[in-house]
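What follows is one structure encoded as structure tokens, with my remarks underneath.
The values are calculated or read from the model by the stated rules, or taken from the named source; none is laboratory data. Predicted model, so just to flag it, every value in this text is computed and none were measured. Using ideal geometry, Cβ is built from the backbone for each residue, glycine included, and neighbour counts are taken over all protein chains shown.
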Amino acid sequence: MAGTPRLRPVGERTFLAEYSADINPAISGQVRALATAVAGRPDVAETVPGFHSLLIILGAGADRSRFIREVSHTLETPRATPSTGRLITVPVVYGGPNGPDLAAVARRTGRREEEVIRLHSGSEYLVYMVGFAPGFPYLGVLPAGLHLPRRETPRTRVPPGSVAIADRLTGIYPQETPGGWHLIGWTPLRLFDPATDPPALCEPGDRVRFERRDPATTAMSPDGAKVTPAGAAISPSRPVLAVREPGLLATVQDGGRRGYRRLGVPWSGPMDPQQHALANHRTGNGPDEAALEMTWPAPMMETLGEIVCAVAGAGWQALVGGRPADPEAPLELRPGQTLEFRRSGNAVWAYLAVGGGIDVPSVLGSRSTYLRGGFGGMGGRALRAGDVLGRREVAHRPRRLPSPVSSPQDPLVVRVIPGPQEAHFTEEGFRRLSHEVYTVTPQIDRTGYRLSGPVIPHAAPPEILPEGVLPGAVQVPGDGQPIVLMTDGPTSGGYPKIATVVGADLPGLAQAAPGTRVRFRAVTVADLAREET
């Protein structure tokens, strides 16, 4: 048995049940057994298994104190280790252009290439967790003769289907992503397909065996495993907007995609849910309807039919035919009119809602665009010139709604709840996070925001076994500079997390442009309850 896990709070309504830190099949079995035990609770929304931990996400409105009381018995009750899942055979072409690091791995391990292949393909591997990217399986444990640290310089592009090794693990890249593992082979199998159920080939508890294939007799191409974006061909039945200029980054986002974090799929959805909901309410939509999220420079569009739309975003205003429109009122537009935007101030994100909602296919229960996964929205990508947006059926009446009033802050104060890895940082490190000023760097996107400021010193190694993470997690890699994960951020991470941004404050940070000064303020869940009363 792996013992009783420690329950660590992560932010306001999430917990990390943590066993001893090790890559161990027995511990992995306990993690999966605990996931099964809590999955039936009505207050648990999702779980994300890690190597030695289970991230437990409570649903909205869940009673946090009651969960802690009731789950304590579950944690202490011995659970039988679940049997392993399916055995999945993965065909692999090793070496050559399909495995460009095989020769280097052989040299560094003091073995011939054939011996490396024999060792790698001669073992059966357990799927400990799925994360980093949708469908990416962390497989272990490698034979001792193949243990190597990651590459000193990660690749900016790893082809989908690449079979790789690092440290004690092996894995398969489902999509084209950056990566620091050693590439020794390639498989044509599709590891993740959002059009299938389940969308991931591997799940925690499955077993994987690699089977060598001869490249001379096997038709394989590095493009073969590429995921075809769901909804790539979109012909709306009610076309209302033609994109003339796409702007820097505009994507379709609804309330978000829930239920797939354990398979490496982030929630996506709006960076600023309040402004997204406001734009929808002005058109008469529900708050989670699909709308267009924009950053600056913004798109320019032309109306193709009669349309009711609305924009929301601090300092953003619509221009119809070059003339400014009332920023708090819905817009009733005729065919042939141009729709542009201007902004005053530095708010990063704004939203354009269309009466009835933007009509794109639902993928894994959501219309949100996930750019790195290549699915959702307009075929998994940002708007481009020539796109046509359609609307769904209009069911509600639009209305004028005022914009929320907020006082500008310098520095912007962002509340954080400490943990769950406080012990990985020195007292001085946490003092710096909560007392010094940090600056938003230009390295910001829907995945995460990098900040710069006083170095946060570690008291332990700056890497941990990968575990489930959430938007708002404040990770601190080896350089001591904090990174705040955002709505498209990874579902698992291997950097220690010093704190988690309070949910209500994350949109404010998301709207902070590069150069914005930020001060973190440490609070407790009890502090938040008192502030709300």
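Of note:
- Number of the condition not met by L201 [criteria: (1) more than 17 Å from G122 (Cα to Cα); (2) modelled with pLDDT under 95]: (2)
- Matching residues in region 107-137 - criterion: being hydrophobic (A, V, I, L, M, F, W, C), outside any loop (DSSP other than H, G, I, E, B) and touching a strand residue (DSSP E or B) at 6+ places or on another chain (Cβ under 9 Å): V116, I117, L126, V127, M129, V130
- Test set (1) surrounded by fewer than 18 Cβ atoms within 10 Å (Cβ to Cβ); (2) closer than 24 Å to F132 by Cα; (3) at pLDDT 95 or above - K226 fails condition number: (3)
- Within region 394-424, if we keep just the residues that are of a type outside the set (A, V, I, L, M, F, W, C) and free of Cβ contacts under 8 Å to residues at least 40 places away in the same chain, the residue that is nearest to I483 (Cα to Cα) turns out to be Q409.
- For region 2-55, filtered to residues that are of a type in the set (S, T, Y) and touching an Asp or Glu at 6+ places or on another chain (Cβ under 6 Å), the residue that is nearest to E467 (Cα to Cα) is S53.
- Within the set G386, G345, G365, G376, the sole residue that is in contact (Cβ under 8 Å) with a residue 60 or more places away in the chain, surrounded by fewer than 23 Cβ atoms within 10 Å (Cβ to Cβ), farther than 22 Å from E306 by Cα and not acidic (D, E) turns out to be G365.
- Scanning region 79-91 for residues being surrounded by fewer than 11 Cβ atoms within 10 Å (Cβ to Cβ) and not in a strand (DSSP E or B) gives a total of 2.
- Looking only at region 489-533, and only at residues there that are among the hydroxyl-bearing types (S, T, Y) and more than 21 Å from the chain's Cα centre (by Cα), the one that is surrounded by the most Cβ atoms within 10 Å (Cβ to Cβ): T516
- Scanning region 138-175 for residues that are outside any strand (DSSP E or B), in contact (Cβ under 8 Å) with a residue 12 or more places away in the chain and closer than 17 Å to R111 by Cβ yields a count of 7.
- Being outside the structural domain of G180 (by TED's automatic domain parsing), of a type outside the set (F, W, Y) and buried (at least 21 other Cβ atoms within 10 Å of the Cβ) is a property that holds for Q475.
- Checklist (1) in a loop (DSSP other than H, G, I, E, B); (2) touching a helix residue (DSSP H, G or I) at 6+ places or on another chain (Cβ under 9 Å); (3) without any contact (Cβ under 8 Å) to a residue 40 or more places away in the chain applied to F51, failing item: (3)
- Residue within region 270-293 that is surrounded by fewer than 22 Cβ atoms within 10 Å (Cβ to Cβ), outside the structural domain of Y173 (by TED's automatic domain parsing), part of a strand (DSSP E or B) and not charged (D, E, K, R) present: no
- Residues that are modelled with pLDDT of 95 or more, assigned to a helix (DSSP H, G or I), β-branched (V, I, T) and under 30 Å from Y125 (Cα atoms) do not occur anywhere in region 92-99.
- Residue list for region 445-472, restricted to those being over 25 Å from Y138 (Cβ atoms) and crowded, with 22+ Cβ neighbours inside 10 Å: Y449, L451, I456
For every residue, the table says whether it meets (1) modelled with pLDDT under 95; (2) out of contact with any Phe, Trp or Tyr (no Cβ under 7 Å at 6 or more places or on another chain).
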residue	(1), (2)
Y128	no, no
P134	no, no
Y138	no, no
L146	no, yes
E152	yes, yes
S162	no, no
G171	no, no
